[in-house]
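Below is one structure; the comments refer to it alone.
The values are calculated or read from the model by the stated rules, or taken from the named source; none is laboratory data. Because the structure is a prediction, the values reported are computed rather than measured. As a convention, Cβ positions derive from the backbone with ideal geometry for all residues, glycine included, and neighbour counts pool all protein chains shown. Surface areas here come from the heavy atoms of the whole protein model, side chains and all, with no ligands, DNA or RNA. Shrake-Rupley method; radii C 1.70, N 1.55, O 1.52, S 1.80 Å.
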Amino acid sequence: QDAAWPVSKIFLMASSAGTAGAIRLEAEDVGFADIELLRLTQWPWLEIRITGRDEEILHKGIDQLLSFTERVLHSDIVSDGFGLTYDYRRLRTPSVAGMLAIAKWGATPERRELFATRCIFCQACVPSG
């Protein structure tokens, strides 16, 4: 278990440190969150960052979020991979159903292989406690 910690620490440092000087390539407001495609200054070089807000999670917003992610997943720009960060620290009430909808979307047969190949880094930031 100790061997896994340094890897996780490196991932967290790579993602958060890489946002300094990041360039926003695309963004969308989905109500309960902002979703962005960022070009980072270091590995993983590209990142989808989902930043939750203190808003109610609606199915319409989840559909928008998944559509955005679908466009990015199939775009040539991410052919070498991308990171994915879910920042849920500001969500009013994190929704297990919302998180499961995203996980279920990524696990469907038509996406699973491409998602597993292109999503090279994933992290979730949640409130303490």
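Is it true that Q42 is at pLDDT below 95, open to solvent by less than 30 Å² (accessible area, probe 1.4 Å), touching a helix residue (DSSP H, G or I) at 6+ places or on another chain (Cβ under 8 Å) and within 23 Å of A20 (Cα to Cα)? It is false that Q42 is at pLDDT below 95, open to solvent by less than 30 Å² (accessible area, probe 1.4 Å), touching a helix residue (DSSP H, G or I) at 6+ places or on another chain (Cβ under 8 Å) and within 23 Å of A20 (Cα to Cα). Confirm whether L58 is modelled with pLDDT under 95 and open to solvent by less than 10 Å² (accessible area, probe 1.4 Å). Here the answer is no, as L58 does not meet what is asked.
Among the residues of the range 26-52, just one is closer than 15 Å to R89 by Cα and part of a loop (DSSP other than H, G, I, E, B), namely F32.
In summary, F32 fulfils each of the numbered conditions (1) among the hydrophobic types (A, V, I, L, M, F, W, C); (2) surrounded by 18 or more Cβ atoms within 10 Å (Cβ to Cβ); (3) modelled with pLDDT of 95 or more with the single exception of condition (3). Screening G98 against (1) modelled with pLDDT under 90; (2) in contact with a helix residue (DSSP H, G or I) (Cβ under 6 Å, 6 or more places away or on another chain); (3) over 22 Å from S128 (Cα atoms) leaves a single unmet condition, (3). Do you know which residues across the range 74-96 are touching a residue at least 12 places away in the same chain (Cβ under 8 Å), over 17 Å from L37 (Cβ atoms) and either assigned to a helix (DSSP H, G or I) or open to solvent by less than 70 Å² (accessible area, probe 1.4 Å) (or both)? Across the range 74-96, the qualifying residues are Y88, L91, P94, S95.
I'm checking my understanding of the structure. Among residues of the range 97-129 that are closer than 22 Å to L25 by Cβ and more than 14 Å from the chain's Cα centre (by Cα), which one is most open to solvent (accessible area, probe 1.4 Å)? Per the stated criteria, the residue is T117.
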